[in-house]
Amino acid sequence: MNNHQLHNHPLVLLVLLLLGCLPIKMGAQVTSDSSRLIIFQKDSVATFAVDPLQQLLSVDYKGVLMQYSPQGKALFQYYNTTLGEDFTIDATDPFNILLFYKEQQTIVLLDRTLSERATLDLRDTPVQYATAVTRSHDNNLWVYDELAGRLYRLNARGEVLFTSNDFRLSESLTEGPTQLLRWGDRLALNFPQRGIALFSILGQLEEWWKITEVEDCFFQKQVFYFRRNGNYHRYFPQQQLQQALEWPDSANKPVLFRTQIDRRYLLFAEGKFVVEGY
């Protein structure tokens with residue numbers, strides 16, 4: 001085998017790519033080939049989340065939260081008639097699920113059967129107006145207060161455990177984040193006008209990623225996925241490289257997308273939801 005053949009051998013190419021010796025193409029094709037199987041389908045889905053056990057949490061247009069097993073079996077249901085239909089889901093801990101009702105400034109904590117463990121009205125705490133909430137590594141709560149420009153860590157009773165400095169002054173911020181995510185031992189805050197702010201587990205600002213106008217984002221291991229102008233991209237922090245995800249049917253791109261291990265979760269317009277796997 002000559003040098004040219006060796007360099008173009010599939011196994012050698014794979015090793016070079018893993019070692020970072022080959023560039024990553026800027027357009028990543030998201031295939032829908034015959035190796036992918038449809039595991040689960042559902043209609044009338046407004047939004048969804050997936051926990052680390054690959055259990056699905058879907059919300060319909062009436063605000064009913066349903067939990068499904070990885071095989072698509074309906075398990076438990078939660079419906080709150082007083083807090084409204086619009087809420088976000090933090091399912092990073094499958095045994096401690098967090099719902100945040102922004103309009104009502106209320107956090108609801110659920111157990112693994114979607115039974116209420118606790119409810120916290122943020123208007124009864126020092127927080128003036130929260131725009132994003134997530135669970136902390138020690139089962140407390142991270143809350144960003146847009147009016148104060150501060151990041152708070154609260155316990156389930158609403159007692160303040162940590163308060164950051166005023167980021168409106170130190171970082172010249174005029175708006176709060178739209179998402180607050182836990183990423184390993186760090187926090188990521190999505191400020192659409194400014195970028196992605198990375199904080200330590202202690203709430204100290206460490207760096208900014210200049211990725212702006214992000215409409216939705218999530219982490220899958222060491223890769224950051226985000227949607228901008230209706231299109232999903234992925235960002236590799238170590239290489240500082242971005243890829244645009246190119247869908248087989250460009251006219252039918254998902255409006256909400258997640259990927260986890262061997263599965264893809266796709267929500268299309270008009271509420272069509274599909275789980276694909278290998």
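The values are calculated or read from the model by the stated rules, or taken from the named source; none is laboratory data. All figures in this text were calculated on a predicted structure; none of them were measured in a lab. Reconstructed Cβ throughout: ideal geometry from the backbone, glycine too, with neighbour counts over all protein chains shown. Protein only, heavy atoms only, side chains kept; ligands, DNA and RNA dropped before computing areas. Shrake-Rupley method; radii C 1.70, N 1.55, O 1.52, S 1.80 Å.
From its DSSP helices (H runs of at least four residues, each -39,500 (n - 2.57)), the chain gives a residue-normalised ellipticity at 222 nm of -1500 deg cm²/dmol. To the nearest 10, the accessible area of R153 is 50 Å² with a 1.4 Å probe.
So for E171, E215, E270, what's the accessible-area order with a 1.4 Å probe, most first?
Working: E171 40, E215 85, E270 175 Å².
So the residues, ranked largest to smallest area, are E270, E215, E171.
Just by accessible area at a 1.4 angstrom probe, what is the order of K272, K253 from largest to smallest? Before the final figure, lay out the partial values.
Working: K272 95, K253 75 Å².
In descending accessible area the options line up as K272, K253.
If you roll a 1.4 Å probe over segment 59-102 with all protein chains in place, what percent of the accessible area is carbon or sulfur?
Working: 1180 of 2190 Å².
Carbon plus sulfur share of accessible area: 54 percent.
With R₀ set to 30 Å, the beta-carbon distance separating S69 from S35 gives a calculated FRET efficiency near 0.85.
Kindly identify the chain as rounded, prolate or oblate by the Cα gyration tensor criterion: order the square roots of the eigenvalues as a ≥ b ≥ c, call it rounded if a/c is under 1.5, otherwise compare a/b with b/c, prolate if a/b is larger, else oblate. Intermediate values should be presented prior to the final figure.
On the way: a/c = 2.11, a/b = 1.35, b/c = 1.56.
Here the chain falls in the oblate category.
Straight-line cross-link reach from K210 at under 19 Å between alpha-carbon atoms covers these aspartates and glutamates, not counting any fewer than eight positions away in the same chain: E171, E175.
With a 1.4 Å probe and all protein chains kept in place, how do R157, R258 rank by accessible area, largest first? Don't jump to the answer; show the numbers that get you there.
Details: R157 175, R258 50 Å².
Heavy-atom accessible area, descending, gives R157, R258.
Only lysines eight or more places from K42 in sequence, or on another chain, were considered; those with a Cα closer than 30 Å are K62, K73, K102, K221, K253, K272. Considering every alpha-carbon pair of segment 183-275, the percent of pairs per 5 Å bin, from zero through the bin containing the longest distance, is 3, 12, 22, 24, 18, 12, 6, 3, 0.
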